[in-house]
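Quick notes on the structure that follows.
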Amino acid sequence: MTARRDIEAITHRIRERSKPRREIYLSRLDAAATAGAARTVLSCGNLAHGFAACGPADKADLAGDTSANLGIITSYNDMLSAHQPFETYPQLIKQAAREAGGVAQVAGGVPAMCDGVTQGQPGMELSLFSRDVIAMATAVGLSHNMFDAAVYLGVCDKIVPGLVIGALAFGHLPAVFIPGGPMTSGLPNDEKARIRQLFAEGKVGRAELLEAESKSYHGPGTCTFYGTANSNQMLMEIMGLHTPGSSFVNPGTPLRDALTKEAAQRALAITAMGNDYTPAGRMFDERTVVNGIVGLVATGGSTNHTIHLIAMAAAAGITLTWQDISDISDIVPLLARVYPNGLADVNHFAAAGGMGFLIRELLDAGLLHEDVQTIWGEGLRPYTIEAKLGDGGVVVREPAPAKSGDEKVLAPFPKAFQPSGGLKVLTGNLGHAIIKTSAVKIERRIIEAPALVFDSQHGLNEAFKAGQLDRDFVAIIRFQGPKANGMPELHKLTTVLGILQDRGHHVALVTDGRMSGASGKVPAAIHVTPEALDGGVIGKVRNGDIVRLDAEVGTLEVLVDAGELSRRPQAEADLSGNGHGFGRELFAGFRDLALRADHGAAAFGLV
């Protein structure tokens, strides 16, 4: 089945735009693939170093050129709930590799930081650039040229995009991504949000807040709301980089372990040493990218991916734009309501039919490219399944349910929650921005109000505590872009602005920073580019200027005469405190080199 004509048209324009860079990328990939099988080009001294710590059987296999060697890139640490399950994966993968006649080695580790821990803290200013560090650390691990394929252990916010970029730098190698799965359901997300608002208003204390947070984030696995971490897992499956049905299986279960072993064996089966060679860089093409965007907007996924998808695509020689994402969002309906776009969590989404149901609905509607290459083989249709544990502990797959288990969580295509996905580009004299409207009520999508200008989220929160914000306004939070301070997420604004909106005020946010997958009920024009430090008009807005945000038609304007704006000097901010402490001094070069948000915000030359 082919994709609808409008999806094909967007894909075609991406392909045509990308052709020069994509051809260069693929020629380099082919050159790497034909330069010699991994290990065979190494000297005896090189090779001896590469397997010195292995057991006799693995040494014997690696000394020859008939057994495939699987590299493991892991983001394991045991502080973060989402990555703690990866502790046992390398042994499972090595066992699976031996059973398949191959070898597996841990090629390297990459850092994994949690935005949930660093929200509102200085460490958050390292978060976005940690993606680039992860990509580079992946390259270091694979640079030994010991491997015929690689598996990637990552889940959360910047980790998966960084791993994808690293994998595409070694695009001649097959790449299989292995998830950890979500934690089991705890305190409902809407109840957690209610307690946060009560705390912000001084109606409950820190003990009550910590109890609520601890009941929500309570065990191994990803957080259960539909933020960037779970958007990552959706993307990896709909783009064909996961084995079918593996994204949302809870950690520490027999099925999770069986899926991990199966993924390792699949990676060995698709090396150049066999008949199903599937190099990651060829598999990841324009159709794959479009499928990822369709999945993102159909599920109300994370706004972070309006940055990450551009950087990931660029790593494969594909030039993607915000307009591409916005145009796809306009024609793809919203089929899932998972918090913050609804009350359910990702476990409820999985129970209602999950990825198998979603992919089938989108395929049958002609909104996905079915004729793509995946790690599982040719075509996306094999992903319209549910994975279960069969006899002997092996994975078996059954067709996804014909009907949604809960149409309030996962809707069939004819009963979509809204006709568009809810990610939209805003344009106007303030520049370009992204807004996510899937959780914003229709009557809140057009805001015209006086600007209140702050140079940090802390400034706005202090004004709230001082009782200065009980009115209609558009909050301008500037000097939060990649070049200014690494573009941190500004979640400390979510609760305060939500309270003010609940009080009946018309409020909105405009910022050159990020809000991520937790963008919620308050209209937020984020990722404004050019950023204030890069000469953006957001740096010329003054208190009292009327700002109009129209998420229906897609405009973002400060209603000030063009001549007046041109005469205004650019605001300046004291960013000296953002340049040191918590390792921020080590990232000065990243801030200097960072591309614009709409170009992927990478600190190395992908665009």
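General remarks:
- Residue check for Asp592: touching a Phe, Trp or Tyr at 6+ places or on another chain (Cβ under 6 Å), outside any strand (DSSP E or B), of a type outside the set (A, V, I, L, M) and not assigned by TED's automatic domain parsing to the domain that holds Asp324: no
- Among the residues listed as Gly171, Gly186, the single one being buried (at least 24 other Cβ atoms within 10 Å of the Cβ) and either closer than 21 Å to Tyr76 by Cα or touching a helix residue (DSSP H, G or I) at 6+ places or on another chain (Cβ under 7 Å) (or both): Gly171
- Yes/no for Ile477 being crowded, with 24+ Cβ neighbours inside 10 Å and over 22 Å from Tyr339 (Cβ atoms): yes
- For the stretch 409-431, the candidate set comprises residues that are closer than 16 Å to Thr529 by Cα and buried (at least 21 other Cβ atoms within 10 Å of the Cβ); within that set, the residue that is modelled with the lowest pLDDT is Lys424.
- Condition met for Gly392 (on the phi > 0 side of the Ramachandran plot, outside any strand (DSSP E or B), surrounded by fewer than 20 Cβ atoms within 10 Å (Cβ to Cβ) and not assigned by TED's automatic domain parsing to the domain that holds Gln480): yes
- Residues of the stretch 175-213 satisfying the condition of being over 30 Å from Ala107 (Cα atoms), modelled with pLDDT of 90 or more and in contact with a Leu (Cβ under 7 Å, 6 or more places away or on another chain): none
- Residue that is surrounded by the most Cβ atoms within 10 Å (Cβ to Cβ), among those in the stretch 32-49 that are closer than 20 Å to Pro174 by Cα and either modelled with pLDDT of 95 or more or not aliphatic (A, V, I, L, M) (or both): Arg39
- The condition of being assigned by TED's automatic domain parsing to the domain that holds Ala316, more than 29 Å from Leu595 (Cα to Cα) and free of Cβ contacts under 8 Å to residues at least 60 places away in the same chain holds for only one of Ala107, Ala139, Ala149, that being Ala107.
- Residue list for the stretch 366-385, restricted to those being under 20 Å from Pro279 (Cα atoms), in contact with a helix residue (DSSP H, G or I) (Cβ under 8 Å, 6 or more places away or on another chain) and part of a loop (DSSP other than H, G, I, E, B): His369, Glu370, Asp371, Val372, Ile375, Trp376, Leu380
- Of everything in the stretch 64-88 that is surrounded by 14 or more Cβ atoms within 10 Å (Cβ to Cβ) and of a type in the set (A, V, I, L, M), the residue that is nearest to the chain's Cα centre (by Cα) is Ala82.
- Given (1) buried (at least 24 other Cβ atoms within 10 Å of the Cβ); (2) under 30 Å from Ile331 (Cα atoms), index of the condition Gln457 fails: (2)
- Residue match in the stretch 263-272 (condition: surrounded by fewer than 19 Cβ atoms within 10 Å (Cβ to Cβ) and charged (D, E, K, R)): no
- All positions within the stretch 480-497 that are surrounded by fewer than 24 Cβ atoms within 10 Å (Cβ to Cβ), under 24 Å from the mean Cα position of the chain (by Cα) and under 23 Å from Arg445 (Cβ atoms): His491, Thr495
- Criterion violated by Gly539 - all others in (1) surrounded by fewer than 17 Cβ atoms within 10 Å (Cβ to Cβ); (2) outside any loop (DSSP other than H, G, I, E, B) satisfied: (1)
- Remark: pairs (first residue in the stretch 85-103, more than 15 Å from Ala149 (Cα to Cα); second residue of a type in the set (Val, Ile, Thr) and part of a helix (DSSP H, G or I); Cβ separation under 6 Å; 6+ apart in sequence or on different chains) = Tyr89/Thr260; Leu92/Thr260.
- Residues that are more than 28 Å from Gly486 (Cβ to Cβ) and not in a strand (DSSP E or B), drawn from the stretch 423-459: Lys441, Ile442, Glu443, Arg444, Arg445
- Scanning the stretch 262-275 for residues that are within 14 Å of Ala149 (Cα to Cα), touching a strand residue (DSSP E or B) at 6+ places or on another chain (Cβ under 7 Å) and assigned to a helix (DSSP H, G or I) gives Ala263, Ala264, Arg266, Ala267, Leu268.
- Checked against (1) more than 30 Å from Asp598 (Cα to Cα); (2) assigned to a strand (DSSP E or B), Ala402 meets all criteria but (2).
- The residue list Ala532, Ala525 contains one member that is under 17 Å from Ser438 (Cβ atoms) and either surrounded by fewer than 24 Cβ atoms within 10 Å (Cβ to Cβ) or hydrophobic (A, V, I, L, M, F, W, C) (or both), which is Ala525.
- For the criterion of being assigned to a helix (DSSP H, G or I), more than 23 Å from Phe170 (Cβ to Cβ) and assigned by TED's automatic domain parsing to the domain that holds Phe177, Arg28 fails.
- Residues that are in a helix (DSSP H, G or I) and closer than 23 Å to Leu62 by Cβ, drawn from the stretch 83-103: Tyr89, Pro90, Gln91, Leu92, Ile93, Lys94, Gln95, Ala96, Ala97, Arg98, Glu99
- Taken together, the residues in the stretch 193-216 that are surrounded by fewer than 16 Cβ atoms within 10 Å (Cβ to Cβ) and touching a residue at least 60 places away in the same chain (Cβ under 8 Å) amount to 1.
- Within the stretch 460-474, restricting attention to residues that are charged (D, E, K, R) and not in a helix (DSSP H, G or I), the residue that is surrounded by the most Cβ atoms within 10 Å (Cβ to Cβ) is Asp472.
- Lone qualifier among Glu361, Glu370 - being under 30 Å from Asp30 (Cα atoms) and either modelled with pLDDT of 95 or more or in the same structural domain as Cys223 (by TED's automatic domain parsing) (or both): Glu370
- The stretch 276-328 holds helices (runs of 4 or more DSSP H) entirely within its bounds, and those carrying 2 or more residues that are out of contact with any strand residue (DSSP E or B) (no Cβ under 9 Å at 6 or more places or on another chain) and modelled with pLDDT of 95 or more map to 286-298, 305-315.
- Per-region count, the stretch 555-597, residues surrounded by 13 or more Cβ atoms within 10 Å (Cβ to Cβ), among the hydrophobic types (A, V, I, L, M, F, W, C) and either under 28 Å from the mean Cα position of the chain (by Cα) or under 20 Å from Lys483 (Cβ atoms) (or both): 11
The values are calculated or read from the model by the stated rules, or taken from the named source; none is laboratory data. Remember, predicted model here, so these are calculated numbers, not experimental data. Cβ coordinates were reconstructed from backbone atoms using ideal geometry, including for glycine residues, and neighbour counts include every protein chain displayed.
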